[in-house]
Amino acid sequence: MTVYFVDGQFVEKEHVSISIDDRGYYFGDGVYEVIKVYDGELYTSEEHIARLFESAAKIKLAIPYSEAQLIEMAKQLVVSNSISVGHVYMQVTRGVAPRVHQFPTPAVAPMFTAYALDGARPTEEMQKGVKVKSVEDFRWLRCDIKSLNLLANVMAKQEAVESGCKEAVFVRDGYVTEGASTNLFGVKDGVLYTHPANNFILNGITRQVVLRLSRELGVAVREEPFTLEAALVMDELFMTSTTLEVMPIIQLDDKMVGSGRPGEITLQLQKAFASQISTVVAGA
Ligand code: PSZ
């Protein structure tokens with residue numbers, strides 16, 4: 001039995017019904033979050049929930065729950081669905097109303113839905129590394145909002161997958177911004193580079209954890225944009241996300257990265273991230 005959270009209630013998936021007039025369906029008018037579950041425990045849930053509220057505020061949407069209520073709801077989904085390793089997905093839309101672009105008047109209640117799903121860590125890919133493909137960053141200019149509007153990300157990811165790649169790397173005006181659903185990092189001469197957190201990228205929670213771990217490990221960090229040309233001659237490349245953790249990149253377009261195997265600093269960060277998870281999960 002799969003239990004979803006829909007508009008304030010826990011409901012069996014079979015009994016979930018959502019209106020065709022939901023603005024998420026018509027416009028992608030909403031925001032979302034994905035929180036990882038390790039050993040039945042939510043990981044960095046406060047950071048994810050805080051970002052959900054920030055994204056909602058940026059689109060002038062008021063979430064009808066408190067942060068504590070949402071964490072409680074997510075925990076309940078994990079328990080009800082017996083999730084050990086997986087994630088909780090949650091989204092909130094501007095609600096149900098006849099289709100006009102402007103916000104509904106009178107205002108309607110936002111529609112909040114969530115579920116929990118099993119999903120193993122991608123350990124094999126984390127060991128071997130993956131290929132990525134560069135694509136033009138044709139998204140809008142508010143990539144800092146975790147919007148339900150993911151058409152450009154969907155198109156980019158599909159293009160990458162059709163080329164046998166795991167991820168698409170967005171390039172805007174010659175500069176690498178991020179992946180279709182990941183943040184991008186490069187290592188050159190021992191220095192870690194990643195795009196600064198501004199309107200051109202989503203400031204990933206995993207990105208922020210990795211930046212903290214890098215500083216703790218004494219790795220020099222530069223949050224500055226780098227070009228695709230620079231990326232092609234980096235010693236190491238990797239990407240981060242809630243589900244991919246620290247994922248080594250061994251090929252960018254037709255170019256092998258470094259020796260074609262996961263890099264030294266990448267592996268160090270991957271290890272630091274893993275021990276961090278076990279510490280969090282152990283409740284230390
Ligand atoms: O299941 C998956 O493949 C997931 S779960 C979260 C993501 C992918 N990606 C979030 C994301 C994103 O959508 C964009 C455009 N940039 C960066 C990220 C990484 O953010 P965090 O680390 O917070 O997941």
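Key figures for this structure:
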{"read-out": "Residue tally, condition within 13 Å of the ligand (Cβ to nearest atom), of a type outside the set (A, V, I, L, M, F, W, C) and surrounded by 20 or more Cβ atoms within 10 Å (Cβ to Cβ), over the stretch 141-188", "value": "11"}
{"read-out": "Residue within the stretch 207-218 that is near the ligand (Cβ under 10 Å from one of its atoms), charged (D, E, K, R) and surrounded by 13 or more Cβ atoms within 10 Å (Cβ to Cβ) present", "value": "yes"}
{"read-out": "Some residue of the stretch 19-36 being more than 15 Å from the chain's Cα centre (by Cα), at pLDDT 95 or above and aliphatic (A, V, I, L, M)", "value": "yes"}
{"read-out": "Contacts under 7 angstrom Cβ, first residue in the stretch 205-232 being under 16 Å from Thr177 (Cβ atoms), partner part of a helix (DSSP H, G or I) and more than 16 Å from the ligand (Cβ to nearest atom), 6 or more apart", "value": "none"}
{"read-out": "Answer residue from the stretch 106-140, given it is of a type in the set (Val, Ile, Thr) and within 16 Å of Leu61 (Cα to Cα) and is surrounded by the most Cβ atoms within 10 Å (Cβ to Cβ) among those", "value": "Thr113"}
{"read-out": "Filter pass, Thr227 being of a type in the set (Ser, Thr, Tyr) and either crowded, with 23+ Cβ neighbours inside 10 Å or touching a helix residue (DSSP H, G or I) at 6+ places or on another chain (Cβ under 6 Å) (or both)", "value": "no"}
{"read-out": "The stretch 50-100 - residue that is in contact with a helix residue (DSSP H, G or I) (Cβ under 7 Å, 6 or more places away or on another chain) and farther than 16 Å from Ser147 by Cα and, of those, surrounded by the most Cβ atoms within 10 Å (Cβ to Cβ)", "value": "Val88"}
{"read-out": "Given (1) surrounded by 15 or more Cβ atoms within 10 Å (Cβ to Cβ); (2) more than 17 Å from Val191 (Cα to Cα); (3) in contact with a helix residue (DSSP H, G or I) (Cβ under 7 Å, 6 or more places away or on another chain), index of the condition Lys255 fails", "value": "(1)"}
{"read-out": "Residues located in the stretch 1-49, provided they are assigned to a helix (DSSP H, G or I), surrounded by 20 or more Cβ atoms within 10 Å (Cβ to Cβ) and touching a Leu at 6+ places or on another chain (Cβ under 9 Å)", "value": "Gly24, Ser45, His48, Ile49"}
{"read-out": "Every residue from the stretch 189-201 that is surrounded by fewer than 23 Cβ atoms within 10 Å (Cβ to Cβ) and either among the β-branched types (Val, Ile, Thr) or near the ligand (Cβ under 9 Å from one of its atoms) (or both)", "value": "Val191"}
{"read-out": "Test: residue in the stretch 244-261 that is at pLDDT 95 or above, assigned to a loop (DSSP other than H, G, I, E, B), within 15 Å of the ligand (Cβ to nearest atom) and within 19 Å of Lys128 (Cα to Cα)", "value": "yes"}
{"read-out": "Within the stretch 91-140, considering residues that are within 12 Å of the ligand (Cβ to nearest atom) and in contact with a strand residue (DSSP E or B) (Cβ under 6 Å, 6 or more places away or on another chain), the one farthest from Glu41 (Cα to Cα)", "value": "Asp137"}
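The values are calculated or read from the model by the stated rules, or taken from the named source; none is laboratory data. Only a predicted model underlies this, so the values are computations on that prediction, with no experimental measurement involved. Backbone-built Cβ (ideal geometry, glycine too); neighbour counts: all protein chains shown.
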